[in-house]
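As structure tokens, the structure follows; a few thoughts come after it.
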Amino acid sequence: GGVARRAAAAAAPGCSPLHRAWRAFAAGSTVPTTQLTSRRGTFHTEVFELLRHEEELYESKTPILCLNRLDYNRTPAFSKGENGWDLYLKNEAAHATGSLKHRLAKSLLIWGLVNGYIRKGTLLVEASSGSTAISEAYFARLLGLPFTAVVAASTAPDKIDQIERLGGRCVKVKDPAAVYATAQDIVSSEIAAKGEGAAYYMDQFTNASASVDFRGNNNLAERIFYQMRGQRHPVPSWLVCGLGTGGTASTLGRYCTYQGHGTRICAVDPEISVFYDSYVTGDRSLTLPQGVGSKIEGIGRPRVEPSFQPMCIDRMIKIPDAASIASMRFLHGLLGDDIQRPGASTGTNLYGCARLISEALLQGAPGGSVVTLLCDNGNRYRDTYYDEDWLVSKGFDLKLIQAYQDQMSHFWSTGEMQDV
């Protein structure tokens, strides 16, 4: 039914050739190159019109969910009374490419376009843990541009499959820290062979912070505050997010400062990552040993990324990896498959929220709201984080994961975080 309706809309009188090209893409077809010849005669004009159509179709589909109200038979203890706390989850997995990185990919693409780095036929190259590359492959396909992703060999197979199904090429490297140099080498070789403009390194880890307009313009922070209107505590006490590039935390912090909100930013970091230690010590030169990388895909890095802006963050919490997996499982039980299966990085976020709320209750603080993100579609991890044999093969302790899951259940029932 949906495909038929889109096809009918594309055939409707007055629908522009460019709009018909977008509609064909949205229905699952590749946009033919001939349809990308702009009526106005410029590549950039046609590209930006396509991006606007994409935004109109998908922006409204990333809802914010109040976890307190998912099951009225299981209302969390921490939400009750005048000093109760409300916990919200913004479902960024509802984007067309299934993750929070959809917004970043679009911003990075626009950044490259407006600065003149991306032209018709430019090869786009990215270093990624998977989700950003999926979103960039989607936009590259939409605009008729070739795309190559450099990923760690440990990246979830489903992510690699999605990149390739969208027309991208994947280059795997054994050492997670080698993705940067490998991506840059591909771009340099392409330019040497074909000339300036032949390739462009999207470089999310450097450009994430600069490419997103923190002042508004439909960014993540602006949408959160817009969607929180009318809630019991419409201005969140805390916004909680993980750190991959560091760009999300920077955008949230800058927006809150610019708008004069009292909201604080809490960044959560997995066990194997340098962000937390850098935040505590101020040392941006920290790195992980060669070949070592985060076990929680999408967050945690082997080096301090250029987009990491600690002055935009009010607090950081280091989260045990077992707690991230446990919280992912707990949340999946709350949401069910009808809403969205979460990934491990969403579990990291949720555990950080539980810590903040339990501390506020212990301190007798007035009630408030905490907003975090459902980062990506957990179906990508059916064969990894949701597979106990895989977890054991990667060194996870299933008994410890269960202990943290019991801790989350106890928190939901009492508002208290027991020791594990």
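The values are calculated or read from the model by the stated rules, or taken from the named source; none is laboratory data. The model shown is predicted, which means the values in this text are computed figures rather than measured ones. Every residue, glycine among them, receives a Cβ derived from its backbone with ideal geometry; neighbour counts consider all protein chains shown. Heavy atoms of the whole protein, side chains included, go into the accessibility calculation; ligands, DNA and RNA do not. Shrake-Rupley method; radii C 1.70, N 1.55, O 1.52, S 1.80 Å.
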Practice task
Go through [x] 21.5, 67; [y] 26.2, 107; [z] 22.6, 84 and flag the label whose value is the computed Rg and Dmax of the Cα atoms in Å for this structure.
Solution key: [x]
Completion exercise
Charge dipole of segment 67-201 built from unit charges on the beta carbon (Lys, Arg +1; Asp, Glu -1), centred at mean Cα; most positive-end Cα among Leu108, Gly195, Gly144 is Gly144
Exercise for the section: Can you tell me how much longer the chain between Asp71 and Asp387 gets when fully stretched, taken as 0.36 nm per residue apart minus their C-alpha distance, in nm with one decimal? Expected result: 111.1 nm
Handout entry: Shape of segment 138-193, Cα gyration tensor, a/c cut at 1.5
Key = oblate
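Run the dipole for the chain about the Cα centre, Lys and Arg Cβ at +1, Asp and Glu Cβ at -1, nothing else charged, and hand back the magnitude in debye, nearest 20. Can you show the working numbers first?
On the way: 43 positive and 42 negative charges, 249 e Å.
Rounded to the nearest 20 debye, it is 1200 debye.
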Handout entry: Accessible solvent surface per residue of the chain, calculated while the other protein chains remain in place, 1.4 angstrom probe, Å²
Key = 41
Handout entry: Of Lys101/Lys399; Lys106/Lys318; Lys90/Lys120; Lys172/Lys394, those spanning more than 27 Å from alpha-carbon to alpha-carbon
Key = Lys101/Lys399; Lys106/Lys318; Lys90/Lys120
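Starting from the Cα-Cα distance between Asp419 and Asn83, subtract it from 0.36 nm times their residue separation and give me the gain in nm to one decimal. Don't jump to the answer; show the numbers that get you there.
Numbers: separation 336, 0.36 × 336 = 120.96 nm, distance 2.41 nm.
Full extension of this stretch gives 118.6 nm more.
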Fill in the blank from the handout: Once both label points are put 7 Å beyond Cα along the C-beta direction, the Ala96-Asp161 separation in nm becomes 2.3
Fill in the blank from the handout: At R0 = 22 Å the Cβ-Cβ FRET efficiency linking Ala365 and Thr257, nearest 0.05, sits at 0.50
Practice task
Place the peptides 80-91, 293-304, 238-249 in order of packing, highest mean first, counting for every residue the other Cβ atoms within 10 Å and averaging per peptide.
Solution key: 238-249, 293-304, 80-91
Practice task
Pop a pseudo-label 7 angstrom from the Cα along the beta-carbon direction at both Ala193 and Val292 and give the gap in nm to one decimal.
Solution key: 3.7
Fill in the blank from the handout: Where a ≥ b ≥ c are root eigenvalues of the Cα gyration tensor, a/c under 1.5 meaning rounded, otherwise prolate if a/b exceeds b/c and oblate otherwise, segment 295-384 counts as oblate
Exercise for the section: Rounded, prolate or oblate: pick one for segment 265-420, where a ≥ b ≥ c are the square roots of the eigenvalues of its C-alpha gyration tensor, a/c under 1.5 means rounded, and failing that, prolate if a/b is larger than b/c, else oblate. Expected result: oblate
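Could you please state how large a percent of the accessible area of the chain is carbon and sulfur, counting protein chains only and using a 1.4 Å probe? Please list the in-between numbers first.
Details: 8510 of 17410 Å².
The nonpolar share, carbon plus sulfur, comes to 49 percent.
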